[in-house]
Amino acid sequence: MNIVVFGAGSVGSLVGGLLARERSNDVTLVGRDPHVSAIQRSGLEIRGELEASTAPAATTDGRHLEGDLAIVTVKSFDTVAAARTLATGSFDAVLSLQNGLGNEATIETHLECPILAGTASYGAMLVEPGLVECTGIGEVVLGPRDGGKSRRADEVGALFDSAGLETTVDEEMPRRLWEKLAVNTGINPVTALTRTDNAAVLEDEARPLARAAVRETARTARATGISLSNREALAALESVASDTAANTSSMHQDVLAGQRTEIDSLNGYVVDQSAKVGVETPMNHSLTSLVRTWERGQGLR
Ligand code: KPL
């Protein structure tokens, strides 16, 4: 299969590298230097809980590419730019494997092919250019963005499975996306603000904060018609946090790198949606304000 992974960050590099192990796959990673130059020079190394040495093609120019599948793994605030660039090429299908809600709708406004939604709860870290570490075996869940079954989703599920990624094809993606959003609203800002690994949200001090955010997100999901109980959302939090206990969450990685975070499409999104449906979300509100305050202090907003 001819695959373009748009966004060679930690998750994009992990997924792209694993897919490139299969001889039947032709993978191109679209990313930034110095990571792209390092891959062009000496290939991509995966270490940690999964190990592989692969040699995908890599480029900093994502224009005019073609393929059977484009996998979008950029930060949610870069989705519009990614979709516009992908629209200069041609793809049979696009899979969004990003944090936050609304990415698929954004992609759909620029591309005409079928759009699949996905979530990835693998722990991954870009250690240095050309080297990604898998810090936790999670799961990829994917399916048609509005739910239901599709042959294409089954094919992409089989592709991921054969690359060694734990994958579930789900007929209820809208619910899955909200469940993953709930997990991220608990883990990401708490670990970023306290500079801790994901395990912190299982421990006494931070646990109530993460759980309160997750409960509010589940409540907001229900008010928008999604069937996600507090118990299910909290169980997902516990399970992802223990599977990725040693992981530095993506928001914590952004803070360490002095980069803009995805707060607007995680807790900020919950705050906006909850206001529309009349649900109170004070913990999400506080976490959003704290992370935005940090971003402002860094001159990132
Ligand atoms: O999605 C993640 C992230 O860091 O953004 C989790 C699953 C929390 C893994 O760290």
On the formula 1/(1 + (r/R0)^6), with r taken between the Cβ atoms of R195 and I137 and R0 of 25 Å, the FRET efficiency rounded to 0.05 is 0.55
Can you give the extra length, in nm with one decimal, that the chain gains between E108 and R301 once fully stretched, where that is 0.36 nm per residue apart less the Cα-Cα distance? 66.8 nm
For I263, I137, order by how many other beta-carbon atoms lie within 10 Å, fewest first: I137, I263
Whole-Hz ³J(HN,Hα) from phi, Karplus 6.51 cos²θ - 1.76 cosθ + 1.60, for segment 29-37, glycine and proline x: 9, 9, x, 10, 7, x, 4, 4, 4
Contour minus Cα-Cα distance for T59 and S90 (0.36 nm per residue): 9.5 nm
Considering only the chain, percent of DSSP beta bridges that pair antiparallel, nearest 5: 30
Segment 231-256 and segment 1-68 have their Cα centres apart by a whole-number Å value of 25
In degrees, nearest 10, the alpha-carbon axis of helix 207-223 is tilted away from the dominant principal axis of the alpha carbons of the chain by 80
Folded to 0 to 90 degrees: helix 282-297 orientation relative to the chain principal axis, Cα: 60
Mean shadow area (nm²) of the C-alpha convex hull around the chain is 13.9
Using DSSP to call loops (not H, G, I, E or B), can you name the GluC sites (Glu not before Pro) in segment 201-301 whose Cβ has at most 15 other Cβ atoms within 10 angstrom? E203, E205, E280
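Coordinate-derived values only; no laboratory data. Quick caveat: nothing in here was measured; it's all calculated off a predicted structure. Please note: Cβ atoms are built from the backbone with ideal geometry, for glycine as well, and neighbour counts cover all protein chains shown.
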